[in-house]
Amino acid sequence: IYFGMASTLAVSGYLCSQFGWSMTFYLFGGIGLAWFVAWMLIVFDSPADHPYISSEELTFIHDAIGVSLSQKKPKSVPWKKIATSMPVYAIAVAHFCNNWGTYTLLLCLPTYFKEVLNFDLKRNGLLSAIPYVILVIINTIAAYIADKLGKNGALSITTVRKIFNTLGLSIPGIFLIFASYTGCEQTILTITCMCVAVAGRALGSSGGFRVNHLDIAPQYAGVLMGITNCLATLPGIISPYLVGIIVDVSHTRQQWQIVFYISAAMYLFGMAFYLIFATGKLQSWATDDREEPYNKSKPSITYSELTQSTSGLW
C-alpha cells in the first residue's frame, strides 16, 4: 500500500507536467484493471483451496492461525459480542484516527507544497513521495522489531501493541504541529517534519492496531478488519471536505495550521483511546469452535512470518 502511495505521487507529478492530468487516470486505471484480472486468477477462498500452495505452507498457516485444514468454519459470527467489545472499539477508533491523518496528508500534502511552499508540479510530486518511501522502510523494520519483542517474551503482546501504537499516533501528531509553524523560507525543515509525521505512522500500522485483529480474534480477523477499515474510510470523505471549508483560495499558513491541528488532535485522541482500552489477549467470544488451545503468550501470527510464508504466492 505504502509503496503504491509513494510511486503514485512521484509518477503523477511527472505525468501531469508532461502529458496533462488525464494521463494519470488512464495509467492507474489500467493498472487497476490488470490487478483485477490477476486477483481473479490467483486468489482463492482459503489456503486449502489454492492450487499452488505447498503442504509445508498450509501446515504453517494452520499452526499459526489455528484454521482447520478441513476448513471447518465457525457456526456464526458473534456480532453482538463484537459490537460490545471494547478492544474492538479500541482498534476501530485508532484505525479511524490514523486514517484521518493519512487521508489529510495523502490528499492535501501536494496542495500544501504547491500553494504554501511554492513547489512546481514535477518537484511537488517527487517531494510528496519522499515521506512514503521512508514509510515503507520504517514499516518493515518496525514489524520485525514488534514480532521479536512478542515472540521472545520480553514484553506481553498487549504491551507491544500499545507501545507501537502510542509511538505510531503520537509522533505524527507532534510533528504535524511542528510543520504547521514552518514556512516557505524553511523548506528543508518543513519536509523533514512531514517525513517524520508520515513515516511515524508505520509504527502503529506494523506493530499496533492494524495487526491487533489477529491477536484478539484470529478466526474473525477478516470480519474485524472489514468493520474497522470501513469506518476508517470515512475520513477519506470527511477530511478533504473539511480542508476545503477551512482553506480558501488564499492558502495562508494560519489556515493550514488549523488543518494540521485537527489531524494532530485526531492522532492523539486515537492514541489515548487505544492505550486505555486495547489488549493483545484472545477474547473469550473468539474461542468457539477452535480445535486446539491458543497460546496467549505469543501473537497468533507475526507480521513478518505471514509475509514470508505467502511470498511464493505473489
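The values are calculated or read from the model by the stated rules, or taken from the named source; none is laboratory data. Computed from a prediction, not measured in an experiment: that's the story for all the values here. Ideal geometry is used to build each Cβ from the backbone, glycine not excepted, and the neighbour counts take in all protein chains shown. Surface accessibility is based on the protein's heavy atoms, side chains included, excluding ligands, DNA and RNA. Shrake-Rupley method; radii C 1.70, N 1.55, O 1.52, S 1.80 Å.
Keeping to pairs on different chains or 8 or more places apart, tell me how many lysine pairs in the chain have Cα atoms under 21 Å apart.
For the chain, the number of qualifying lysine pairs is 18.
Step through the residues of segment 8-21 one at a time and calculate ³J(HN,Hα) from phi using the Karplus curve (6.51 cos²θ - 1.76 cosθ + 1.60, θ = phi - 60°), rounding each to whole Hz and writing x for Gly and Pro.
Values, residue by residue: 5, 5, 5, 6, 4, x, 5, 4, 5, 6, 9, 10, x, 5 Hz.
Only loop residues by DSSP count here, and only those with at most 13 other Cβ atoms within 10 Å; note down the chymotrypsin sites (Phe, Trp or Tyr not before Pro) in segment 135-243 that meet that.
Answer in residue order: Tyr181.
Output the relative contact order of the chain, whole-number percent, from Cα pairs under 8 angstrom with separation of 6+ residues.
Worked out over the chain, it gives 30 percent.
Report Ser17's accessible area, 1.4 Å probe, all protein chains in place, as a number in Å² to the nearest 10.
Answer for Ser17: close to 50 Å² accessible.
Chymotrypsin sites (Phe, Trp or Tyr not before Pro), restricted to segment 1-31: which are DSSP loop and have at most 11 other Cβ atoms within 10 Å?
Qualifying residues, ordered by number: Trp21.
Please give the per residue accessible area of the chain, computed with a probe of 1.4 Å over protein heavy atoms only, in Å².
I get 50 Å² per residue for the chain.
Once every DSSP H run of n ≥ 4 in the chain is given -39500 (n - 2.57) and the sum is divided by its residues, what mean residue ellipticity at 222 nm do you get, rounded to the nearest 500 deg cm²/dmol?
The helix-only estimate for the chain comes to -24000 deg cm²/dmol at 222 nm.
Using Cα atoms only, what is the angle between the long axis of helix 55-65 and the major principal axis of the chain, expressed in degrees (0 to 90) to the nearest 10?
Around 80 degrees separate the two axes.
Give a residue-ordered list of calculated ³J(HN,Hα) values for segment 271-280 (Karplus: 6.51 cos²θ - 1.76 cosθ + 1.60, θ = phi - 60°; whole Hz; x for Gly, Pro).
4, 5, 5, 5, 4, 7, 10, 7, 8, x
I'd like the accessible area for Glu56, computed on protein heavy atoms only with a 1.4 Å probe and all protein chains in place. Round to 10 Å², please.
Rounded to the nearest 10, that gives 130 Å².
Under 18 Å from a label point 7 Å along Cα→Cβ of Phe28: give me every residue in segment 118-157 with its amide N that close.
Label zone hits: 121-136.
Obtain the nm distance between the two label points defined at Ile141 and Ser7 by a simple spin-label model: each point lies 7 Å from its Cα along the Cα-to-C-beta direction.
For the pair Ile141/Ser7, the computed spacing is 2.3 nm.
Expressed in nm², what is the orientationally averaged projection area of the convex hull enclosing the Cα positions of the chain?
17.0
In the chain, carbon and sulfur make up what percent of the accessible area (probe 1.4 Å)?
After summing per-atom areas, the C and S share lands at 68 percent.
What figure, in Å² to the nearest 10, do you get for the accessible area of Lys151 with a 1.4 Å probe and non-protein molecules left out?
Approximately 90 Å² of Lys151 is accessible to the 1.4 Å probe.
Would you mind getting the Kirkwood hydrodynamic radius of segment 124-280 from its Cα pairs, rounded to one decimal in Å?
Mean inverse Cα-Cα distance, inverted, gives 16.8 Å.
Charges only on Cβ, +1 for Lys and Arg, -1 for Asp and Glu: so what's the dipole of the chain about the Cα centre, in debye to the nearest 20?
Using only the charged Cβ atoms, the result is roughly 540 debye.
What list of ³J(HN,Hα) values in whole Hz, one per residue of segment 38-52 in order, does the Karplus curve 6.51 cos²θ - 1.76 cosθ + 1.60 (θ = phi - 60°) give from phi, with Gly and Pro shown as x?
After applying 6.51 cos²θ - 1.76 cosθ + 1.60, I find 5, 4, 5, 8, 10, 9, 10, 5, 8, x, 5, 8, 6, x, 10 Hz.
Using heavy-atom solvent-accessible surface (probe 1.4 Å) with all chains present, what is the largest-first order of Arg253, Arg123, Arg161?
Ranked list, largest accessible area first: Arg123, Arg253, Arg161.
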